[in-house]
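Rule-based calculations on the coordinates, nothing more; no lab input. Here the structure is a predicted model, which is why all the values come from computation and not from measurement. Cβ placement follows ideal geometry from the backbone for every residue including glycine, while neighbour counts extend to all protein chains displayed.
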Amino acid sequence: MSDIRYDRLHDTHVIIAPERLHRPDSMVEKKDETIDKNCPFCEGNESMTPPEIFALRDENSFANEEGWQTRVVANLYKAVQIEAPHTHSSGVFEHWDGFGAHEVIIDTPEHFTSMTQWSEINAINWLKTLRQRVADLRNDHRIAHITLFKNEGLQAGATQKHSHTQLIGLPLVPKKDREYFYRSYEYHQETGNSIMESILLSEIEDGSRIVANSGDFTAYCPYASAYPFEVIISSVKALGQVDTLSDKSIADLAPLLLLVLQKLKHQLDYFDFNLSISSSPLHEGNIDYSYRFSIRIMPRIYRYGGFEVSTGVIINPVTPELAAKLLRESSDV
Ligand SMILES: [Zn+2]
């Protein structure tokens, strides 16, 4: 029998329906790649991208040349641009000029086509780079909100194979994020806890959906998982934002993230996924007490149809309890 579950974190419903379990619609043969001479994101091809905004570089190396671990450039096909005037007009046809930041974080100098190929140092450098970019853009008071996300594979919307992350900073707070932020705030006002803290404490007590943990971080398959094998990594402790993560937190988080990805690969083989990093509105002061930093991994195994598009209610054929059990048992990775 299926189960209609309420997702308290995102204020939505999910139908867990194992009866609908079937093979993915298309099996495209996939493999890990490590070489592509014409890839603009590979080390040595720096001249093929816009000039770098930031890079974690070796000493004695120069901007826009070899010798980097991560590199951040403006998106060539940007949705919004930082050079646009920051003007807003209200009225029925309210609009902002296309102002904002759209950056690409090139995650590794090697031509890795999957995050599952990363080493721990890759993951540490990636987190440090995200921390630096958000801290830097926070100083630009025109930007109200930053979204950080990864698309890996065609089903997830990727158009460039080399492992990369995108950052979009907007002069407004998107509706879903605004609602999530206010829900977290109100929940904290009522209970004295953050929503994520309450959920994680209940998950840890229950245990059936826990995948693994490291330091202050726990990885679990959420009770109302919208995606088969969805995993969220977060912390009971007050860690509000990516740009307030300490080096110690990054050292705990990086191996856990890689472990989860390895376990997913062990269960799903080559899988496409979206990854997003929580982000609250930028100019709300200290929100660490009500908000939690989190990473959400959403494997894209099934396509959505009209029901999902018209209702926002997603049908997931894999129970999160089964997904978590299989991931916990994938210990030989
Ligand atoms: Zn490449």
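At a glance:
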{"read-out": "Under 17 Å from the Cα of LYS237 - aspartates and glutamates, other chains or at least 8 residues apart", "value": "GLU197, GLU203, GLU205, ASP216, ASP247, ASP252, ASP288"}
{"read-out": "Spatial separation of Cα centroids for region 257-333 and region 184-238, in angstrom", "value": "12"}
{"read-out": "Cysteines in the chain lacking a second Cys C-beta under 4.7 Å", "value": "CYS221"}
{"read-out": "Relative contact order (%) - criterion: Cα under 8 Å, at least six apart; region: the chain", "value": "21"}
{"read-out": "For region 85-198: relative contact order, % (alpha-carbon pairs under 8 angstrom, 6 or more apart)", "value": "29"}
{"read-out": "Residues with amide H under 5 Å from that of PHE54, placed H, sequence gap 5 or more", "value": "VAL72"}
{"read-out": "Most mobile of TYR182, TYR77, TYR289 in a GNM of the chain (Cα contacts under 10 Å)", "value": "TYR77"}
{"read-out": "Helix-derived mean residue ellipticity, 222 nm - over the chain, DSSP H n ≥ 4, -39500 (n - 2.57), to 500", "value": "-8500 deg cm²/dmol"}
{"read-out": "Radius of gyration, Dmax [region 124-237; alpha carbons; angstrom]", "value": "16.5, 45"}
{"read-out": "Filter on LYS150/LYS175; LYS161/LYS248; LYS263/LYS325 - keep pairs with C-alpha separation over 23 Å", "value": "LYS161/LYS248"}
{"read-out": "Aspartates and glutamates whose Cα lies under 18 Å from that of LYS78, excluding same-chain neighbours fewer than 8 positions away", "value": "GLU52, ASP97, GLU103"}
{"read-out": "Listed peptides 34-43, 206-215, 121-130 by packing density, highest first (mean Cβ within 10 Å)", "value": "121-130, 206-215, 34-43"}
{"read-out": "Gain on full stretching of the segment that runs from LYS31 to ARG138 - 0.36 nm per residue minus C-alpha separation", "value": "34.7 nm"}
